[in-house]
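Below is one structure, written out as structure tokens; comments come after it.
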Amino acid sequence: MEIQKEELIKLFDFLAQKTGESLDFTGFDAMEAKLGPNINGKYLYTKYNEAIRSVTSSCSIQEIKLRSLLNYLGFENYSEYQTFLNAPIPQVLASCFGVWVSFVRQSSDEGLIYQSPVQIYQKNQKAYFVLKGPNTTYSGEMTYANGCLTTLFTGSSGKLFHHIYKIGNRKEPRVLQGIYSGISTADDPIGGRAVLYRSEKAFEEIRNLVLKSADLINSDDPFYRNLGSYFGAFEKNNLRLNRIISFDSEDLKS
């Protein structure tokens, strides 16, 4: 089949990055063992040099081999690869890859704050958000648009949570403020403010904790003092519904 010359060259660049091999005969020979039985190192070396030297805008490659290469890189098909080239992971989002700590205030008047480990990472040419709760790990794709990071993630229980964080064009932020919505343990819709704090620790080292805003305000750590102040008032941080009895307008009375 025919493929655009620049698309093929970029494909070889991705192969070099993922395999850690060079784009020469020795490198392609080493790739052969990593790519599987359908791919021959000499064939790749020949195709790469044909693409580099080609004066036309397109190059030919066997469809079965192209499919194997794309699958190895995490693409389902050629169309998905083209879509990625036209809209790669934005640098702003990529700068957020790493380990974070999530903080949200419990939907109660107790001033309790849930701390959870979070990891933002790349897999199969997409960005993912993973949050580990005390009993369930939640995950979902993360995207960047209009100055915000957005993720809809789910756990094994089937519960969904939606987070959106303001980032603008800032790269390597230390703290992100956002809004969350989801379902409580009592199966009620809840929402409020959320904070992500970048951590130098490993994901597995961060514990799930329940903190008290009143205690954090007296912390020696400036971050936790600010965090305690931020989450101090229920009215500024949490949304919850009125008690529902009739599912009619009477329920809306304050």
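The values are calculated or read from the model by the stated rules, or taken from the named source; none is laboratory data. Because the structure is predicted, anything quoted here is derived from the model rather than measured. Ideal geometry is used to build each Cβ from the backbone, glycine not excepted, and the neighbour counts take in all protein chains shown. Remember, those area values only see protein heavy atoms, side chains included, never the ligands or the DNA or RNA. Shrake-Rupley method; radii C 1.70, N 1.55, O 1.52, S 1.80 Å.
How large is the dipole of the chain about the Cα centre if only Lys and Arg carry +1 and Asp and Glu carry -1, each at its Cβ, rounded to the nearest 20 debye?
340 debye
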Built amide H within the under 5 Å cut-off of Ser199, gap 5+: Val99, Trp100, Val101
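Shape verdict for the chain, please, from the Cα gyration tensor: rounded (a/c under 1.5), prolate (a/b greater than b/c) or oblate. Working shown, then result.
Numbers: a/c = 3.03, a/b = 2.33, b/c = 1.30.
Prolate shape, in that a/c is at least 1.5 and a/b is the bigger ratio.
Set the Förster distance to 22 Å, then compute FRET efficiency between Glu7 and Asn124 from the Cβ-Cβ distance, nearest 0.05.
Numbers: r = 18 Å, r/R0 = 0.81.
After rounding, the FRET efficiency stands at 0.80.
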At what distance in angstrom do the alpha carbon centres of region 55-88 and region 6-32 lie from each other? 14 Å
To the nearest Å², the heavy-atom accessible area per residue of region 1-124 with 1.4 Å probe amounts to 50 Å²
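For an R0 of 22 angstrom, estimate the FRET efficiency from the Cβ-Cβ distance between Asp109 and Asn242 and round to the nearest 0.05. Can you show the working numbers first?
Numbers: r = 16 Å, r/R0 = 0.71.
Efficiency for this residue pair is about 0.90.
What are the trypsin sites (Lys or Arg not before Pro) within region 132-216 that DSSP puts in a loop, where the Cβ has at most 13 other Cβ atoms within 10 Å?
Numbers: sites: Lys132, Lys159, Lys166, Arg170, Lys171, Arg174, Arg193, Arg198, Lys201, Arg207, Lys212; in loops: Lys159, Arg170, Lys171, Arg174, Lys201, Arg207.
Those satisfying the criteria are Arg170, Lys171, Arg174, Lys201, Arg207.
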For region 153-160, Karplus-derived ³J(HN,Hα) couplings (6.51, -1.76, 1.60; θ = phi - 60°; whole Hz; x for glycine and proline) come out as 10, 9, x, 5, 6, x, 6, 10
In whole angstrom, note down how far apart the Cα centers of region 199-254 and region 162-197 are. 11 Å
Please find the FRET efficiency linking Asp220 to Ala94, where r is the Cβ-Cβ separation and R0 is fixed at 25 Å, and quote it to the nearest 0.05. 0.15
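Per the 1.4 Å probe, what fraction of the accessible area of the chain, in percent, lies on carbon and sulfur atoms?
Of the solvent-accessible surface of the chain, carbon and sulfur hold 50 percent.
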